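Throughout, read-outs are computed from the coordinates displayed, never taken from laboratory work. Keep in mind that what you see is a predicted model, and the values were worked out from it rather than measured. Neighbour counts run over all protein chains shown; Cβ positions are idealised from the backbone, glycine included.
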Amino acid sequence: MIGISARLWLVCLSAALAVAAIASKNTAAQDTAAQDAVRRQAVLARLPEDAAQRVFGLVAAPSPGPARPIGSYSKGCLAGAVALPADGPGWQVMRPSRNRAWGDPTMIAVIERLAAALPGTGWPGLLIGDIAQPRGGPMLTGHASHQLGLDADIWLTPMPPRQLDSGEREGMPAVKVVTADGNDVDRSLFGRAHYDLIEAAARLPETERIFVNPAIKRELCREAGADRDWLRRVRPWWGHDDHLHLRIVCPHGDPQCVNSIPPPPPGDGCGKELDWWFTDEARHPKPHPPARPILVSDLPAACAALVGR
């Protein structure tokens, strides 16, 4: 007999292979290594030499010294980053060629603790996507945040009951668990184990926010019982149909790290504010002209020093 975790993995893998050729700007964060390489070269070709994406995106190693997240989640950097091991008890790192499994030690500890809390929930383990670059900062592809080592993508594909090889880690697509119309979760791919994973992440004391697809948030709202305060931390956002984005608060007492402003509002977030995400206004936002690339000089001065600028 195949165990429940193995069956869930096989179902999700089959679905992933069926959509492997489909690429979307909303899911670029989980691109395969080949897709990411194409995007990366296109971005490099148009960036000025002093663009923060270029400078930080090409750094291959962390800085020495103590860990310090500097700046904000979308405009900052990370000193003294540490790497999440490629394999651990309850996790495997995906897309290792991107070199984005670096984080503040607090984030690394949170991932390890989340993985340790999952046995018994039905979720077999974590497939970890991007955390941060070796010195944080803006990435060449896939994200606007993830700059402090305090954000991490966790796939909504269950970890298989074996160690993935390098080809699978680089090329296996993440599973989209939302229906094509965006109105609901795909119940053949999203079940109680997914719910338990997201709830466990939201209940971590360090969690600041979790971003998920609006349809996933709506499903959580339907299934939650009377204890709903954890839902406040789970926020709908475009994309995020194949992963959850875990963001933790700045480490206590670190004066150079800036938490999100404002914090998540009170309430479970299951009312009118969630309904808006299913309107035409939300689904077809007005296009904006491309923003000017963030330059190294736009970041905190300590970030420029981190890359010798």
Notebook entry, point to check: Assigning unit charges at the beta carbon (Lys, Arg +1; Asp, Glu -1) and nothing else, what dipole magnitude in debye, to the nearest 20, does the range 234-279 show about its Cα centre?
Noted result: 120
Next item on the list: Using the 2.2 N^0.38 Å rule of thumb for compact globular proteins, work out how the chain stacks up: its C-alpha Rg over that value, please.
Entry: 0.96
Check: Which far-off residues, 5 or more places away or on another chain, put their amide H under 5 Å from the one on residue 243, with H placed in the peptide plane?
Finding: 156
Check: How large is ³J(HN,Hα), in whole Hz, for each residue of the range 102-115 in order, when computed from phi with the Karplus curve 6.51 cos²θ - 1.76 cosθ + 1.60 and θ = phi - 60°, using x for Gly and Pro?
Finding: 9, x, 5, x, 4, 5, 4, 5, 5, 4, 4, 6, 5, 4
Note to self: What does the charge count around residue 69 come to, taking other residues whose C-beta lies under 9 Å from its C-beta (Lys +1, Arg +1, Asp -1, Glu -1)?
What the structure shows: -1
Margin query: Check which residues have an amide H placed less than 5 Å from residue 132's amide H, if you skip close sequence neighbours.
Written below: 101, 102
Margin query: Residue by residue through the range 173-181, what is 3J(HN,Hα) from phi via Karplus (6.51 cos²θ - 1.76 cosθ + 1.60, θ = phi - 60°)? Round to whole Hz and write x for glycine and proline.
Written below: x, 6, 8, 7, 9, 10, 5, 4, 7
Next item on the list: Subtracting the Cα-Cα distance from 0.36 nm times the residue separation, let me have the gained length for residue 42 to residue 121 in nm, one decimal.
Entry: 24.3 nm
Next item on the list: Just the Kirkwood number for the range 35-160, please: inverse of mean 1/r across all distinct Cα pairs, in Å, one decimal.
Entry: 14.9
Notebook entry, point to check: Among 70-81, 217-228, how do they line up from the highest to the lowest mean number of other beta-carbon atoms within 10 Å?
Noted result: 70-81, 217-228
Item checked: Residues whose placed amide H lies under 5 Å from that of residue 295, excluding near-sequence neighbours -> 52
Check: Between residue 86 and residue 254, what FRET efficiency comes out of the Förster formula 1/(1 + (r/R0)^6) with R0 = 25 Å and r the beta carbon distance, rounded to 0.05?
Finding: 0.35
